[in-house]
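Structure first, commentary second.
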Amino acid sequence: MTFGESIKSCLNGYVKFDGRAPRSEYWWFLVFIFLVDVVAVCIDLSASTIYEKSELVSTLAGLALLLPNLAVCVRRLHDLNKSGWWVLLFFIPIIGHIILIVWFATRGTVGANSFGEDPLAAA
């Protein structure tokens, strides 16, 4: 899956929590979120004054991308044949993050699993 296909897939399935997401979809969307955040922070910094800090654009961007990010995380876990509830590991500092990063970098289940067909086989 390319960068553009990943963004299109994640934004079209804004709150699609069912199905599976391959590694490329997850990681490319993470790069997209990072780039949007960089642009938003730059806009906020240019709108800030010495006395008043503006975080409006970065806050709105973060809120707009929160659900698609959560959805692609859940679909990525489904690709590993894991429940989407495992995404709650994000709330365990350091250890939970490490576990999720390792899982998100791991190749998904080959063939169909309980969450659907292999997204790589469909491509």
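The numbers here are math on the coordinates, done by the rules we state, and not lab data. Source: prediction; values computed, not measured. Cβ: placed from backbone, ideal geometry, glycine included. Neighbour counts: every protein chain shown.
Taking the Cα centre of the stretch 3-114 as the origin and placing charges on Cβ (Lys, Arg +1; Asp, Glu -1), which of V31, G96, S54 is farthest toward the positive end of the dipole?
G96
Please list the non-local residues whose amide H lies under 5 Å from the amide H of S54, H modeled 1.01 Å from N, same-chain partners needing a gap of 5 or more.
Amide H neighbours of S54, under 5 Å, 5+ apart: S48, T49.
Can you compute log10 of I(q)/I(0) for the chain with the Debye formula, treating each Cα as one identical point scatterer, at q = 0.10 Å⁻¹?
-0.36
Using a Cα-Cα cut-off of under 17 Å, which aspartates and glutamates could be cross-linked to K8, ignoring same-chain neighbours fewer than 8 residues away?
Excluding near neighbours in sequence, the set is D18, E25.
Quick check: residue separation of L35 and E52 times 0.36 nm, minus the Cα distance between them. What number comes out in nm? Spell out each step's value before the answer.
Numbers: separation 17, 0.36 × 17 = 6.12 nm, distance 2.45 nm.
Separation in residues times 0.36 nm, less the Cα-Cα distance, equals 3.7 nm.
How high is the relative contact order of the stretch 3-114, given as a whole-number percent (alpha carbon pairs under 8 Å, six or more residues apart)?
On the way: 126 pairs, mean separation 34.8, N = 112.
Rounded, it is 31 percent for the stretch 3-114.
Gain in length, L63 to E117, computed as 0.36 nm per residue apart minus the alpha-carbon separation, to one decimal in nm? Each step should come with its number before you reach the end.
On the way: separation 54, 0.36 × 54 = 19.44 nm, distance 3.06 nm.
Going from the current span to full extension adds 16.4 nm.
Treat every Asp and Glu Cβ in the stretch 11-76 as -1 and every Lys and Arg Cβ as +1, leave all other atoms uncharged, and give the resulting dipole magnitude about the Cα centre to the nearest 20 debye.
So the magnitude is around 420 debye.
Through the Karplus equation 6.51 cos²θ - 1.76 cosθ + 1.60, θ set to phi - 60°, convert the phi angles of the stretch 110-116 into ³J(HN,Hα) values in whole Hz; use x for Gly and Pro.
6, x, 5, 9, 5, 10, x
Test of understanding: given the chain, find the longest segment containing no GluC sites (Glu not before Pro) that are in a DSSP loop and have at most 13 other Cβ atoms within 10 Å. If you can, show how the numbers build up before the last one.
Values: sites that count: E52, E117.
That would be 53-116.
With the dipole of the stretch 3-114 worked out from charges on the C-beta (+1 for Lys and Arg, -1 for Asp and Glu) around the Cα centre, which of H78, N12, P68 lies farthest toward the positive end?
H78
Where nothing but the Cβ of Lys and Arg (+1) and of Asp and Glu (-1) is charged, how large is the charge dipole of the chain around its Cα centre, in debye to the nearest 20?
Working: 9 positive and 10 negative charges, 62 e Å.
The calculated dipole for the chain is roughly 300 debye.
Tell me the mean residue ellipticity at 222 nm calculated for the chain from its helices only (DSSP H runs of n ≥ 4, each -39500 (n - 2.57), averaged over every residue, nearest 500).
-19500 deg cm²/dmol
Per residue of the stretch 91-106, what does 6.51 cos²θ - 1.76 cosθ + 1.60 with θ = phi - 60° give for ³J(HN,Hα)? Whole Hz please, x for Gly and Pro, Karplus curve as stated.
7, 9, x, 6, 4, x, 5, 4, 4, 5, 4, 4, 4, 5, 8, 7
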